[in-house]
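A.B. asks: Encoded as structure tokens, here's the structure I'll be asking about.
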Amino acid sequence: MSYKEAIADGIRIEKSNNKSTMYYPPCNQCGRETFSLSYLPNNKYICKTCKHKKISRVYENKGMARMRKS
């Protein structure tokens with residue numbers, strides 16, 4: 001079912017020798033292709049770069065909150 005939806009949405013699909021299907025949906029934030037072994041059209045996919053940026057912002061904000069409380 002996800003294969004047909006990926007084709008309809010224009011997602012790049014590759015099949016490997018061991019018959020697994022790999023999907024490359026765009027990142028929700030920057031638009032780069034991400035890697036996924038399954039595709040669901042309602043999911044928001046995020047690439048590693050954007051994920052690391054988001055995590056570092058969270059840690060930065062936590063650090064700033066600790067500094068303000070002192």
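Read the figures in this text as sums done on the coordinates, not as results from a lab. Worth saying up front: this structure is predicted, and the values here are computed from it rather than measured. FYI the Cβ positions are ideal-geometry reconstructions off the backbone, even for glycines, and counts take in every protein chain you see.
A.B. asks: With contacts defined as alpha carbon pairs under 8 Å and 6 or more residues apart, what's the relative contact order of region 2-69 in percent?
C.D. replies: Numbers: 77 pairs, mean separation 15.8, N = 68.
Computed over region 2-69, the figure is 23 percent.
A.B. asks: Could you point to the residue in 30, 46, 56 farthest towards the positive end of region 2-69's charge dipole, with +1 and -1 charges on the Cβ of Lys/Arg and Asp/Glu respectively?
C.D. replies: The listed residue farthest towards the positive side: 56.
A.B. asks: For the pair residue 3/residue 40, report the inter-label distance in nm, with labels modelled 7 Å from Cα in the Cβ direction.
C.D. replies: 2.0 nm
A.B. asks: What longest range of the chain stays clear of loop-exposed trypsin sites (Lys or Arg not before Pro) (DSSP non-H/G/I/E/B, at most 15 other C-beta within 10 angstrom)?
C.D. replies: 45-70
A.B. asks: Let me ask another. Report, ordered by chain and residue number, the lysines lying within cross-link reach of residue 4, taken as a straight Cα distance under 20 Å and ignoring same-chain residues fewer than 8 apart.
C.D. replies: Reachable lysines: 15, 19, 44.
A.B. asks: Could you tell me which chymotrypsin sites (Phe, Trp or Tyr not before Pro) in region 1-52 are loop residues by DSSP with no more than 16 other beta carbons within 10 angstrom of their beta carbon? Please report the intermediate quantities before stating the final value.
C.D. replies: Details: sites: 3, 23, 35, 39, 45; in loops: 35, 39, 45.
Taking region 1-52 and a limit of 16 other Cβ atoms within 10 Å, the loop chymotrypsin sites (Phe, Trp or Tyr not before Pro) found are 35.
A.B. asks: Continuing with this model, one more query. For the Cα atoms of the chain, what angle does the longest principal axis make with the long axis of helix 48-69, in degrees from 0 to 90, nearest 10?
C.D. replies: With both axes taken from Cα atoms, the answer is about 20 degrees.
A.B. asks: Continuing with the same structure: What's the local net charge at residue 11, with K and R +1, D and E -1, over the other residues with C-beta under 10 Å away?
C.D. replies: Local charge sum for residue 11: -2.
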